[in-house]
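Structure, as structure tokens:
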Amino acid sequence: MATKKGRRGQSSLEFLYATLFSLLFLVLAIFIFVESGEDAGVLAAASDAGMVCNAVSIQLSKIASAGEGAEAAVEFPEKLAGNYSVWVSGSNKSLAVAYAGGGVGCRFLAQGVGNGTSDEFYIAEGAVMRNNGTGVVIG
């Protein structure tokens, strides 16, 4: 009978080890899942900022190529839910979109881009792009 009691204690210890191992595995899996969810959010924000940059660049190029008198309002893609600031550098022919987690840049081909007083400035959604014959004025 002594051997039966010893075995029952052994199986309880094995059950305890198996339970602890399972809990450790579960905690590790949850940690990995949470980390990947945070990474997905950061990538989504960067992708959305890239969409804003490309959309503004395309609009700018369309106004520049349409000729004198062409104009349109700056529009950001509808699906975006974040706060973005768009910086234009006419001398470098580049756009920079800043968001909470970083920034994204892109280039445009239009010549003579400015806001009437400077070639480096921020633009907001709804600002009007206008081709004045010598370049594009945004304001």
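Would you mind finding the one in LEU109, LEU60 that is outside any strand (DSSP E or B) and surrounded by 15 or more Cβ atoms within 10 Å (Cβ to Cβ)?
LEU60
Report, by residue number, each residue of segment 112-139 that is out of contact with any strand residue (DSSP E or B) (no Cβ under 9 Å at 6 or more places or on another chain) and surrounded by 13 or more Cβ atoms within 10 Å (Cβ to Cβ). Working first, answer last.
Narrowing segment 112-139 to residues out of contact with any strand residue (DSSP E or B) (no Cβ under 9 Å at 6 or more places or on another chain): 117-118, 132-134.
If the condition is that a residue be out of contact with any strand residue (DSSP E or B) (no Cβ under 9 Å at 6 or more places or on another chain) and surrounded by 13 or more Cβ atoms within 10 Å (Cβ to Cβ), then ASN132 is the only one that fits.
Pick from VAL104, VAL88: which is in contact with a Cys (Cβ under 6 Å, 6 or more places away or on another chain), β-branched (Val, Ile, Thr) and buried (at least 17 other Cβ atoms within 10 Å of the Cβ)?
VAL104
Only one of GLU38, GLU78 is under 13 Å from the mean Cα position of the chain (by Cα), at pLDDT below 80 and more than 26 Å from SER118 (Cβ to Cβ); which?
GLU38
May I ask you to list the residues in segment 99-137 that are of a type in the set (Val, Ile, Thr) and under 24 Å from the mean Cα position of the chain (by Cα)?
Matches in segment 99-137: VAL104, ILE123.
State all residues of segment 41-75 that are of a type in the set (D, E, K, R), farther than 17 Å from GLY114 by Cβ and either in contact (Cβ under 8 Å) with a residue 40 or more places away in the chain or touching a Gly at 6+ places or on another chain (Cβ under 7 Å) (or both); if no residue qualifies, say none.
Within segment 41-75, the first condition is being of a type in the set (D, E, K, R), and the residues that meet it are 48, 62, 68, 71, 75.
Applying the additional criterion that residues be farther than 17 Å from GLY114 by Cβ yields 48, 62, 75.
Those that are of a type in the set (D, E, K, R), farther than 17 Å from GLY114 by Cβ and either in contact (Cβ under 8 Å) with a residue 40 or more places away in the chain or touching a Gly at 6+ places or on another chain (Cβ under 7 Å) (or both): ASP48, GLU75.
The values are calculated or read from the model by the stated rules, or taken from the named source; none is laboratory data. Note that this is a predicted model, so its numbers are computed, not measured. Note: ideal-geometry Cβ built from the backbone for every residue, glycine included; neighbour counts use all protein chains shown.
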